[in-house]
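For reference, the structure is listed below as structure tokens.
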Amino acid sequence: MILEEERQAVVNACQEMQRKGLVVGTAGNVSVRVGDKVAISPSAVEYEDLTAGMVGVHDLDGKVIDAQLKPSSELPLHLAVYHSTDAGGITHNHAPASTAMGLVCETIPFSHYYSAMFGGPIRVSPYADFGTDQLAHNVAAALQGRSGALMSNHGAITIGPTLDKALSLLPYLEYICEVQLRAMSTGHSVKVLTDDQIAFQVEAIKGYKPSKA
Ligand SMILES: [Zn+2]
């Protein structure tokens, strides 16, 4: 089986998202790129039932190379991100705080220095229907210069040079959103870092590696 190791890594990442409580049911999807091939989780398979053989392999135009099942409906999103970034792995979920945060802002306020892990203030891509080219376009734009973004009225996405790296960022994104929402819910104004503090943190964190998810 081609890309067996990478397909198994997709299975492991899906199950890890589920273990961490970052997905409900079959929501979310995961992919890995190797050269011009993309291994992506299938549509509508329970994560506990997922096996490497169910993870399909497509080319960067979405053509099937080796797939038994229908790919995730967000295949166009994954392909658009691979076309516009040098990402090697992508994770997408509908975690509650990330999804809620995408309902109330255009950019996550830079209130915690963890935001620097994502390359700067984390954008919320404008709403588009799931599975559409418009959504793919909007999210790819929101990810420019960033390793994560929120998707308005939908969820969150992280990317990395490897799938492990992308996966390791997801809980941090959810944490940032959870903390911001709790702070906002007090009704007090939320303190944010200054532009200088943000620039310092973005530089400082480049040498910092978050623990493996
Ligand atoms: Zn989704």
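All of the numbers you see were taken from the coordinates with simple rules; none came from a lab. Since we're looking at a predicted model, the values are computed, not measured. Cβ: placed from backbone, ideal geometry, glycine included. Neighbour counts: every protein chain shown.
Treat every Asp and Glu Cβ in the chain as -1 and every Lys and Arg Cβ as +1, leave all other atoms uncharged, and give the resulting dipole magnitude about the Cα centre to the nearest 20 debye.
Using only the charged Cβ atoms, the result is roughly 480 debye.
Order of 88-95, 69-76 by packing, highest average Cβ count within 10 Å first? The partial results should precede the final answer.
Numbers: 88-95: 24.8, 69-76: 19.2.
My ranking of the peptides, most packed first, is 88-95, 69-76.
Which value at 222 nm does the chain reach when only helices count, each DSSP H run of 4 or more adding -39,500 (n - 2.57), with the total divided by all residues and rounded to the nearest 500 deg cm²/dmol?
My calculation for the chain gives -11000 deg cm²/dmol from helical runs alone.
As I understand it, the value is the acute angle between the Cα axis of helix 75-84 and the longest principal axis of the Cα atoms of the chain; what does it come to in degrees, rounded to 10?
70
When ranked by the protection proxy of mean other Cβ atoms within 10 Å per residue, highest first, what sequence do the peptides 31-43, 96-108 form? The partial results should precede the final answer.
Values: 31-43: 21.0, 96-108: 18.3.
Packing order, densest peptide first, comes out as 31-43, 96-108.
Of the DSSP beta bridges with both residues in region 4-207, give the percent that are antiparallel, rounding to the nearest 5. Display every interim value, and only then the final one.
Numbers: 25 of 27 bridges.
Within region 4-207, antiparallel bridges account for around 95 percent of the total.
Going by the alpha-carbon gyration tensor, a ≥ b ≥ c the square roots of its eigenvalues, is region 130-213 rounded (a/c under 1.5) or, if a/c is not under 1.5, prolate (a/b greater than b/c) versus oblate? List each step's numbers first, then the result.
Working: a/c = 1.61, a/b = 1.16, b/c = 1.39.
Oblate, since a/c reaches 1.5 and b/c is not below a/b.
Decide, for region 4-207, between rounded, prolate and oblate: order the square roots of the alpha carbon gyration tensor eigenvalues as a ≥ b ≥ c, take rounded if a/c falls under 1.5, and otherwise choose prolate if a/b is larger than b/c, else oblate.
On the way: a/c = 1.92, a/b = 1.70, b/c = 1.13.
Prolate shape, in that a/c is at least 1.5 and a/b is the bigger ratio.
Across region 120-126, in residue order, what do the Karplus-derived ³J(HN,Hα) couplings come to in whole Hz, using 6.51 cos²θ - 1.76 cosθ + 1.60 with θ = phi - 60° and x for Gly and Pro?
Values per residue, Gly and Pro as x: x, x, 8, 7, 10, 6, x Hz.
By how many degrees, 0 to 90 and rounded to 10, does the Cα axis of helix 133-142 deviate from the longest principal axis of the chain?
Helix 133-142 sits at roughly 40 degrees to that axis.
Using alpha-carbon positions, what is the distance between the centroids of region 132-195 and region 68-86, in Å?
Each part's Cα centre sits 19 Å from the other's.
Using amide H atoms built 1.01 Å from N in the peptide plane, name the residues 5+ places from A95, or on other chains, whose amide H lies under 5 Å from its own.
Result for A95 returns A156.
What is the helix-to-structure angle for 195-204, meaning the angle in degrees between its Cα long axis and the longest Cα principal axis of the chain, kept from 0 to 90 and rounded to the nearest 10?
That helix lies at roughly 50 degrees to the long axis.
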